[in-house]
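Below is one structure; the comments refer to it alone.
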């Protein structure tokens, strides 16, 4: 197929590169002249796992332009992947999507043949039928479902694993104005995915609701695991991992995302919860579960802070290992590690931080109020508490004997993901989130290194 991708940010460029690598002819559009220039020189302007290598296989079928009409005329399907920022009321703004549609409408008017406009950006339910279709019909003078089609086709990906998630999705969600448009997008994915995903085709509004619902349900599982962990910490002998591993075997629950640790963060999950609540209010319904999911999520940093406050000397140095909201990315948006750093700093602790990728991003938020260490051992030196935050695999492979020799005597090791619960420590006082107090002591003395 011939595709155009509008918006060459992290998701848009990964999408364009992936489809081009699978043999489709792709033209990308972006208003950012620097980004377009870098791509014209066959240089990757965005950091994402595997993207640079993917582009190397895609250049022959991938071109870029700053002319939106050209992108539409040279394609059968246009994928719109632009930001939809949250407003003060939590609802997503369609400002950037509508700006793109205002450029696409006249291009459709002058184009022969059927064209599919595929909105990938996350939008509020009702946007497609009440805003996007009327706008395109007005500007093009054509009829949706006859002369062109509209599809809502959001992705379910995570930063740091965008390409893998794109290649092997559990489901492809397609809301379509008409059967022809939905079928074209379905064939696009079936010809490109490396697995055989479930294709969920439905109306536009149902797809819009399904996108928000899925993300909110995932965060509900995360918050349940974290609330369970907070209970287990008060029960001698309890270990949240033993419990979640067992309940995850039940097909009604499933093991994905039922793992206690830090709360959810990043650019999608927190705002999707707030948007869903705003959507419910607009429908005249009080969303009662969502606010509790958010409340549990926000309580995790408070629990971590209290453990540090109770077990580390006031004013001591605290070393935070991991700043990104999840492993594999430099993104710190809504990162609980960054929130904890701010809270500790404001309470008078000396905060040192380390992350394999996110130091620069964190510095844009935290400024000069904390110490940034490129070397993890320097970060831990003389610390009264070491807090293992982001679950980077590199941290479980550290020389923890060396760290024991660098920290203050009797320093706290607070392990958010229990990655080190089978390690025997002599100097560090180990505390794992979700492990009852007596269980932590047993692990200290009896588990193998």
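The values are calculated or read from the model by the stated rules, or taken from the named source; none is laboratory data. The structure presented is a predicted model; accordingly, all values stated were derived computationally and were not measured. No Cβ is skipped: glycine too gets one built from the backbone with ideal geometry, and neighbour counts run over all protein chains shown.
Assorted remarks:
- Look at region 338-350: where a residue is on the phi > 0 side of the Ramachandran plot, no partner that is at pLDDT below 95 and crowded, with 17+ Cβ neighbours inside 10 Å sits 6+ places away or on another chain with Cβ atoms under 7 Å.
- When each of 166, 132, 148 is tested for being crowded, with 22+ Cβ neighbours inside 10 Å and modelled with pLDDT under 95, the lone residue that passes is 166.
- Positions within region 150-180 being touching a helix residue (DSSP H, G or I) at 6+ places or on another chain (Cβ under 8 Å) and over 19 Å from residue 210 (Cβ atoms), in sequence order: 159, 162, 163, 167
Residues checked against (1) within 15 Å of residue 350 (Cβ to Cβ); (2) modelled with pLDDT of 95 or more; (3) assigned to a strand (DSSP E or B):
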{"residue": "374", "(1), (2), (3)": "no, yes, no"}
{"residue": "383", "(1), (2), (3)": "yes, yes, no"}
{"residue": "398", "(1), (2), (3)": "no, yes, no"}
{"residue": "403", "(1), (2), (3)": "no, yes, no"}
{"residue": "418", "(1), (2), (3)": "no, yes, no"}
{"residue": "431", "(1), (2), (3)": "no, yes, yes"}
{"residue": "443", "(1), (2), (3)": "no, no, no"}
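Conditions (1) surrounded by 20 or more Cβ atoms within 10 Å (Cβ to Cβ); (2) over 22 Å from residue 431 (Cβ atoms), marked per residue:
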residue	(1), (2)
182	yes, yes
189	no, yes
214	no, yes
237	no, no
279	yes, yes
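- Any hit, region 357-369, residues being in a loop (DSSP other than H, G, I, E, B), in the same structural domain as residue 303 (by TED's automatic domain parsing) and in contact with a strand residue (DSSP E or B) (Cβ under 8 Å, 6 or more places away or on another chain): yes
- Output for region 101-112, where each listed residue is touching a residue at least 24 places away in the same chain (Cβ under 8 Å) and surrounded by fewer than 22 Cβ atoms within 10 Å (Cβ to Cβ): 102, 103, 105, 106, 107, 109, 110, 111
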